[in-house]
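Taking it in order: structure first as structure tokens, then the write-up.
The values are calculated or read from the model by the stated rules, or taken from the named source; none is laboratory data. Note that the structure is predicted; figures quoted are calculated from it, not measured. Note that we place each Cβ from the backbone using ideal geometry, even for glycine, and neighbour counts take in every protein chain shown.
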Amino acid sequence: MSGDKQRAVVWNLWTLVAVAITALASVTAGYYIGASGHTENGTQVSYSIDWDESGNITKLTVTDDYGRAVALNGVPKKIVSVSPTPTEILFAVGAGDLVVGVDEYSDYPAEAANRTKVGSFTLNIEAIVGLDPDLIVSSDLVPQQQLDQLVELGYPYFIFATRNFEGVLKDIRMAGVLTWHIAEADALASSLEARMNAVAQKTLALGVTKPRTYVEYYPYYTYGPGSFGDDLIRLAGGMNVGHNLTSEYPTATSEFVVASDPQIIVYAVGPLSTTNATEIASRPGWDTISAVRNMQIYSIDENILSRYGPRIVDCLEQLAEILHPELFG
Amino acid sequence: MSPGPGDGAAAVADIASVRRRHRLILLGLLGLLVLTFFLAVFTGYTGPIAPVSGDRLSFGEAFQGLFGHTSNSVFFWDIRVPRILFAGIVGAALACAGTAMQAIFRNSMADPFIIGVSSGAAVGAVCASVLGFGAFLGSLASPLFAFFSALVTVLVVYSLGVVKGRVYVDTVLLSGVAVAAFLGAVVSFIIYYAGERYDRLIPWLLGSFADARWSYVEAAALPVVAGALVVYLYGRDLNAILMGEETAYNLGTDPDQLKKVMLGVAALITSAAVAFVGIVGFVGLIVPHMMRLLVGADHRILVPASTLFGATFLIAADAVARTAVIGEELPVGIITALCGGPFFLYLLRRNRIRGEAK
Amino acid sequence: MKAQIKSLSFSFGEKRILKDISLDISDGEFIGLMGPNGSGKTTLLRCLMDYLPSEKGAILIDMKPVHTLSPAEIARIFAVVPQSSNTDFPFTCYDIVMMGRMPHIKSRLSGETAKDAKAVREAMERTDTWRFSGRLFSELSGGERQRVIIARAIAQSPKAMLLDEPTVYLDISGQLEVMDLVKKLNQENGITIVAVLHEVNLAAKYCDRIALLNDGRLEAIGAPQDVLTPETIKSVYGVDVVVRKDPFTKAVYVMPRSTTAPVHRHGTRVHLLCGGGSGGPIMRLLHDGGYGISAGVLNVLDSDYENANDLHIPVAAEIPFSQISQEAHAENLRLIDESPAIVVCPFPVGPGNFRNLEAARHALDSGKRVLIVRPATGQGIDFVGGKADSTIKELISSGAIEVPEEQQLLSQLSEIGR
């Protein structure tokens, strides 16, 4: 082969290798790093307050779950929530009357659904501006670019994005500080903590066998190590089979689930879901799974499963009851 | 550019040896398919072929599970074998349809989706899974809707290119592009309107064999095998039409009938493939290319070669998709794109070099 | 294969391409279809094999209407060689030629037989393309590819071959290769050939008959020498040509005439004393210069006589192999009297035409302008033992103007007009 052709072939091979490596690396990286952003752990709410002579708050600075110190010119009087979880938290601490606008998915509590709608995945910036809020609260699922847009228009945003139970309690307290409903927030956090402990005391006690548990929030989509769901299952007294996987939010193979042989299967239901026990049992090889043979397939409302607000404790209690009927019957 | 004694290109001027070599390659491809099949059967989370050591089956246990009746048999007969067979069927269908489309459109960049199959199937699948059409059919809803909407879309695309019984492939191609763009917007709108999380549909849009089961194999096997057979039998006609429609007519083929038959068969087998697993890209495009490099352009050899290698390729890609990350699924479309993308670039570059050298 | 085309008409949308064409093609003949661009030649070919449906009229192939034949049957009768063929796909030359066997492989289920392989091999050996059999078709040169296509046509075992301008992209050796091959097939195998040709002389050389189309109508049909006349060609192509007979093959050949037509013919008469080809270029020069010309005395086999006839120039003529007769000389002198200027071309002077120099003498004595064009260096024109040279010298010393080069003639002559 001539010199030119030789060089060309070598160049081609290197291109091939380089592109393949880059592609493989980025896909793998995406899988292992996970999609969520950085969240702050720890249970203490970080904040500072400036008062004036008359005892009014002139400046309120609270650090959100991204570690951002958000400064406000006082307690917000009008709040727009663009995610269902912060909406639930705000109403739960008694600040529901401060909420003037919500996104399409904020359906709990019922009063929240009556607020002015400001969009779903894509925010209706005009509607938000029209409400002229003092603060926007969001979870980590709203695209950063849209929040930046709001900042440019002069509206600060505050992120609620927790990954564990302590974080939920902290989020509740954070909401209390933000809305100056500190007492209610503390009370709520305490009662939730008490309920969590009540469950944990029984489920994590010595001698309690943890059943192998498989929880899916969408067909084959389960909870991997480091995810909230993994922690949820642990506290509920189960052994999450997904804990042995690599990604935080993996898609499990049938073979994995069958090999793991869960004793209990829990799946999420919602208005759009098509899963049911029959469908699960019909999956290839799943009829050999203990949970299927023993008809230990249960469902949980997808909203309490995936919203990390006060109702996650409801979910914990329900899950604990499913996993340990002998302890909570 | 007459052949010279030292001219590398003239080295294989003996047609008899060329044809003998091609036949051996065909046999080799069959062997490769069988080998890949068995390797894939032994690959999986529980092993014996698996990425990390640990709680894996030994080869002995695997054999017993495969050929006997142990507790491990479920991994083989319920999970792996139907999935591998289905991956093979889909790969064969896509590669075979791709070969036919590249001939009909006289364009080696054509793939089986250009006639609107993918966008049509997407609409059907999204209507079923997101809007809940046909919910009473259970898990069959999505494939059925996808299949029929794919066929309807192809019919629309095709009829846009037919005038008085004559099929104008350039128009069919362009209308395929336009219809795909339109339907893509429709799919996005449906997803947005229904509030479904877009990322949940990505596996389907990228192609995934996660849910493959025996009923899929049973449903798809017959149409795909029949379709591939038809394409093979029309092999000489495909050769002729590549030389131009008038030449094909001169050699005794009816070009319009050929186009109709091939478009119909390709639509059928591609829709059957896509309906269950989503849009697996690149297979229908690059497998015919690779096989042409290996066995030349005579479709009587190329079609079986593409069909065999398409099956092999997708079986291997799926084996990677279900074992690369332990216990987790990667959409197989990612694997085929990872292989296909660089290979495509290589092909383009190679054609450019060839073109400059002339 | 014999074909009868009866009153064939074909339109493409609104445009009428073929208008009422009737033509019979006999078995085993080599017929050329010619005509200007857009005259419908290729369309006629396509109608003949029913690729285009005829609008009006009938086409009978071996007594059967063509539209009753299936595509496979038509493919067993006609093999087509288009202008050029190529493909991006990696077909070997063998693959290409084997495609020609398609009409003979009856069932989709069967493969190629030994008979097909033999037909392919023979076809390729006949076209000297067997050595390309394993090579990619796309790697060959244009001429080589055409040969492979012809091999494919041969492998098709047709009764007739239709060729659509098969030599358009070939150089001269390629053209001859292809046409010789086709002619051989016609003569040795009796295959009827219908060829659309644009090269007039190629058609004249190879065709038994030529059908000349113009604007969709059959303008003329017959043997090449009958069809390719200057009048017919002028009326169809709008071009002035000269038609000659090739001395080796006896075939006619056509040469375009000078296209530099003079804008303004002033018609000033010039008489040329010439012969042996010496007058040809000068006739052309003066004709293009707008002059009226006469010539003499020329014997009727002289090339200058033919040149003069082409330009419709009055000539004093003589029968060959004889002395210039009194009548011819008198005619010559008469023509001289009509012209203000006389040009003595460097014609070879022999005993038979010496009187032409005497005519020059007469012209000079009559007060005409006499211009003597010198022959090219080294070229002797005196074949009368020195008498011609001395006469010419004498003429020059008596007032004839010596013109060293033909090109200077025009400037010399222009002074006469003033």
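Could you list, in sequence order, the residues of region A:109-134 that are in contact with a Lys or Arg (Cβ under 8 Å, 6 or more places away or on another chain) and under 25 Å from A:Val62 (Cα atoms)? Within region A:109-134, A:Leu131, A:Asp132, A:Pro133, A:Asp134 qualify. Only one of the numbered conditions (1) within 12 Å of chain A (Cβ to nearest Cβ); (2) modelled with pLDDT of 80 or more is violated by B:Asp55, and that is (2). Quick one: which of A:Tyr267, A:Tyr217, A:Tyr221 is crowded, with 17+ Cβ neighbours inside 10 Å, more than 12 Å from chain B (Cβ to nearest Cβ), of a type in the set (Phe, Trp, Tyr) and in contact with a strand residue (DSSP E or B) (Cβ under 7 Å, 6 or more places away or on another chain)? Only one candidate qualifies: A:Tyr267. Identification of strands (runs of 3 or more DSSP E) wholly contained in region A:49-168 with 2 or more residues that are touching a strand residue (DSSP E or B) at 6+ places or on another chain (Cβ under 8 Å) and farther than 26 Å from A:Glu193 by Cα yields A:57-63, A:69-72, A:79-81, A:99-102, A:135-138.
Rundown of residues vs (1) touching an Asp or Glu at 6+ places or on another chain (Cβ under 7 Å); (2) assigned by TED's automatic domain parsing to the domain that holds A:Leu135; (3) loosely packed, with under 15 Cβ neighbours inside 10 Å, yes/no style:
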position: A:Asp64; (1), (2), (3): no, yes, no
position: A:Arg68; (1), (2), (3): no, yes, yes
position: A:Asn73; (1), (2), (3): no, yes, yes
position: A:Val80; (1), (2), (3): no, yes, no
position: A:Pro86; (1), (2), (3): no, yes, no
position: A:Val93; (1), (2), (3): yes, yes, no
position: A:Ala110; (1), (2), (3): no, yes, yes
position: A:Arg115; (1), (2), (3): no, yes, no
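Among the residues of region A:224-259, those identified as within 8 Å of another protein chain (Cβ to nearest Cβ), outside any loop (DSSP other than H, G, I, E, B) and within 18 Å of B:Ala210 (Cβ to Cβ) are A:Thr251, A:Ala252, A:Ser254, A:Glu255, A:Phe256, A:Val258, A:Ala259. Going through (1) surrounded by fewer than 23 Cβ atoms within 10 Å (Cβ to Cβ); (2) in contact with a helix residue (DSSP H, G or I) (Cβ under 8 Å, 6 or more places away or on another chain); (3) within 14 Å of another protein chain (Cβ to nearest Cβ) one by one, C:Leu163 falls short only on (1). Across region C:127-147, what is the number of residues that are part of a helix (DSSP H, G or I), without any contact (Cβ under 8 Å) to a residue 60 or more places away in the chain and under 30 Å from the mean Cα position of the chain (by Cα)? So the count comes out to 4. Scanning region B:264-281 for residues that are of a type outside the set (Val, Ile, Thr) and crowded, with 24+ Cβ neighbours inside 10 Å returns B:Ala266, B:Ala267, B:Ser271, B:Ala272, B:Ala273, B:Ala275, B:Phe276, B:Gly278.
Any residue in region B:279-289 that is in a helix (DSSP H, G or I) and over 11 Å from B:Gly98 (Cβ atoms)? So far as region B:279-289 goes, no, none of its residues is in a helix (DSSP H, G or I) and over 11 Å from B:Gly98 (Cβ atoms).
Just one of (1) at the interface with chain B (Cβ under 9 Å from one of its Cβ atoms); (2) over 24 Å from A:Asp140 (Cβ atoms) fails for A:Ser290. It is (1). Pairs under 6 Å by beta carbon, first residue facing chain B (nearest Cβ under 7 Å) in region C:71-97, partner of a type in the set (D, E, K, R) and assigned to a loop (DSSP other than H, G, I, E, B), six or more apart or different chains? Cβ pairs passing all conditions: C:Pro71/B:Asp254; C:Asp95/B:Asp298. Can you go through B:Thr336, B:Thr323, B:Thr307 and tell me which one is of a type in the set (Val, Ile, Thr), within 10 Å of another protein chain (Cβ to nearest Cβ) and crowded, with 22+ Cβ neighbours inside 10 Å? Answer to the selection: B:Thr323. The residue of region A:315-329 that is surrounded by the fewest Cβ atoms within 10 Å (Cβ to Cβ), among those that are over 15 Å from A:Gly229 (Cβ atoms) and without any contact (Cβ under 8 Å) to a residue 60 or more places away in the chain, is A:Gly329. Evaluating C:Ser322 against the criteria (1) hydroxyl-bearing (Ser, Thr, Tyr); (2) over 28 Å from the mean Cα position of the chain (by Cα); (3) part of a helix (DSSP H, G or I) leaves one unmet condition, (3).
B:Leu229 passes every criterion in (1) on the phi < 0 side of the Ramachandran plot; (2) in contact (Cβ under 8 Å) with a residue 60 or more places away in the chain apart from (2). Close Cβ contacts (under 8 Å, 6 or more residues apart or on different chains) running from residues in region B:67-78 that are within 9 Å of chain A (Cβ to nearest Cβ) and surrounded by fewer than 17 Cβ atoms within 10 Å (Cβ to Cβ) to residues that are among the hydroxyl-bearing types (Ser, Thr, Tyr) and assigned to a helix (DSSP H, G or I) comprise B:Ser71/A:Thr288. Scanning region B:142-171 for residues that are buried (at least 22 other Cβ atoms within 10 Å of the Cβ) and more than 13 Å from B:Gly124 (Cβ to Cβ) gives a single hit, B:Val157. Hey, any hits in region B:214-221 for a residue that's modelled with pLDDT under 90, part of a helix (DSSP H, G or I), more than 11 Å from chain C (Cβ to nearest Cβ) and over 19 Å from the mean Cα position of the chain (by Cα)? Yes - at least one qualifying residue is present in region B:214-221. Look at (1) within 8 Å of another protein chain (Cβ to nearest Cβ); (2) among the acidic types (Asp, Glu); (3) in contact with a strand residue (DSSP E or B) (Cβ under 8 Å, 6 or more places away or on another chain) and you find that B:Asp256 fails only one, number (1).
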